[in-house]
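Reviewing the structure listed below.
The values are calculated or read from the model by the stated rules, or taken from the named source; none is laboratory data. The shown structure was predicted, so the numbers you read here are calculated from the model rather than taken from an experiment. Every residue, glycine among them, receives a Cβ derived from its backbone with ideal geometry; neighbour counts consider all protein chains shown. In case anyone asks, the SASA skips ligands and DNA or RNA and just uses the protein heavy atoms, side chains included. Shrake-Rupley method; radii C 1.70, N 1.55, O 1.52, S 1.80 Å.
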Amino acid sequence: MAQRLRTAQKPQQKLTTRLFLSPAMHQSIEILQFTGVQLDAYLQRMAAENPFLRVLVPQADTIADVSAAAPTLPTLTDFLIAQVRLLSIPTVEKKAVRGLIAELDANGYLPPDLPVNTTVLGILQSLEPVGVGARNLTECLLLQAQRQKQFFPLAVTLLSAGELTRLADASTWAALARDYGGDAMGLSQALAAIRTLDPAPGKQYAPPQPIQYIVPDLVLVHAGDTLQLTPNSKQQSRLRFVRKEYDRLTHQASDATAQQYLRTQWQQFVTLRNALGRREGTLAALGSLVAEKQRVFLQGNGQLAPLTQRAAARSLQLHPTTIGRAIHGKYVQTDQRIYPLSEFFPRAVGTNQITAEAVIRRIQDLVAAEDPSDPLSDALLNDQLARTGIVMSRRAVTKYRRMVGIPTSYVRWREWRTREGQ
């Protein structure tokens, strides 16, 4: 007789170990990766929740507040409505045009699926800036092309036919020439003419964006013959606890609920203060390491040395993710300018301890010294670099050459021929 397979569920004990971060550690990690602006906003939010916290904001003695002196510019809506008031059209149409103006986006476009009256749409599209009221890019450019006298005829034809996408793709020019006449030269001129038009006519009336000032987190300090990167405490907001008021209310509190509330506010301040201290300590340790490893560069006598975040973590006995959070969004003020802190951690490339910046400068020097009638190809550049001890693949040389906008050897040769009139 066949035996039946029986299954059953039984409880089973299993011992596992998990790491849980306390709320204080979560707060410390969050504060560490804050930029200066984000940290100020966070402290202001915490002060709004805790009646005993005060945020002391440093005085901006070097930065003038120019917002009050900035003139108030008219918006796109204001500019268009002012024109509508001057039109000699029925009141009903004026109201309809104002309704369309309210639907315009920041670029001056109408939603493509918005039902509109043809007459009202024509009135809106007759206003300045030219191109406003279009439903798409092609219509916007066409309105501008039609308003200009003696605009390139082939460009108007292609825009009217909705062929902007094909015109932008040079591989379709042969088919366009068959369909609409002309040749590659004419299509190139048509594309150049279209590029002179404004794809976003409403942008010029957009309100100016507020100026974002960079507050460096680390500052280069000369201490005798040594260099130090220290936290920029003078330009960072500080936290203060109103202890006198806290003590007064603590003595007056009679019930347990009030006493617990006051203890919670004090503990919140202590936790926040400790997190800020750990943030400043981590930045100070990181600044000391960078000042040591990049001393030659900070003195203005050389290039950056290779330094990885993992190596920095080993030196400071921290986790690599802690280094990443400390670097994120931070800036360093040196004698030359303000640098992102991340720039002081370049990777080594090739088989040598050399940074990508050094390789790029070497490629630029080789190209500058080459014979323009016989420019160096990427393979020859690779050989020249190898002779100086910089060993890498030819593909890497091509990547770095492109990064700084150096054309290929053939293009450089063609440019030399053009200059020489050959």
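If you rank LYS10, LYS203, LYS330 by how much accessible surface each has, with a 1.4 Å probe, what is the order from largest down? Intermediate values should be presented prior to the final figure.
Details: LYS10 170, LYS203 115, LYS330 5 Å².
Accessible-area ranking of LYS10, LYS203, LYS330, largest first: LYS10, LYS203, LYS330.
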In Å², and per residue, what accessible area does the chain have when probed at 1.4 Å with the other protein chains present?
64
Residue with peak Gaussian network fluctuation, the chain [Cα springs, cutoff 10 Å], from SER288, SER28, SER254
SER254
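Tell me, what is the percent relative contact order of segment 205-364, built from C-alpha pairs under 8 Å that lie six or more residues apart? All intermediate terms of the calculation are to be shown ahead of the outcome.
Details: 153 pairs, mean separation 39.4, N = 160.
Worked out over segment 205-364, it gives 25 percent.
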The chain: angle of helix 184-194 to the longest principal axis, Cα-based, in degrees nearest 10:
60
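Net charge near ARG243, counting Lys/Arg +1 and Asp/Glu -1 over other residues with Cβ under 13 Å of its Cβ?
Net charge around ARG243: +3.
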Listed candidates (i) 155; (ii) 459; (iii) 164 - label of the one calculated as volume of the Cα convex hull per residue in Å³
(ii)
Karplus-derived HN-Hα couplings along segment 315-331 (A = 6.51, B = -1.76, C = 1.60, θ = phi - 60°), whole Hz, x at Gly and Pro
5, 9, 6, 10, 7, x, 5, 5, 5, x, 5, 5, 7, 4, x, 9, 10
Sort 410-417, 262-269 by packing, meaning the average of other beta carbons within 10 Å per residue, with the highest value first.
262-269, 410-417
Which value, in Å² and to the nearest 10, is the accessible area of MET403 when all protein chains are kept and the probe is 1.4 Å?
120
Considering only the other residues whose Cβ falls under 15 Å of the Cβ of ARG85, what net charge follows from Lys and Arg at +1 and Asp and Glu at -1?
0
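Once the other residues with Cβ under 15 Å from the Cβ of ARG135 are scored (Lys, Arg +1; Asp, Glu -1), what is the net sum?
Working: positive: none; negative: GLU103, ASP105, ASP113, GLU139.
Result for the neighbourhood of ARG135: -4.
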Please give the Cα centre distance for segment 82-113 versus segment 122-180, rounded to the nearest Å.
23
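Rounded to the nearest 500, what is the 222 nm mean residue ellipticity of the chain from helices alone, with -39500 (n - 2.57) per DSSP H run of 4+ residues and division by all residues? Before the final figure, lay out the partial values.
Numbers: 19 runs with 209 residues, N = 422.
My calculation for the chain gives -15000 deg cm²/dmol from helical runs alone.
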Collect residues whose amide H, placed 1.01 Å from N in the peptide plane, falls under 5 Å from the amide H of LEU227; neighbours closer than 5 in sequence don't count.
none
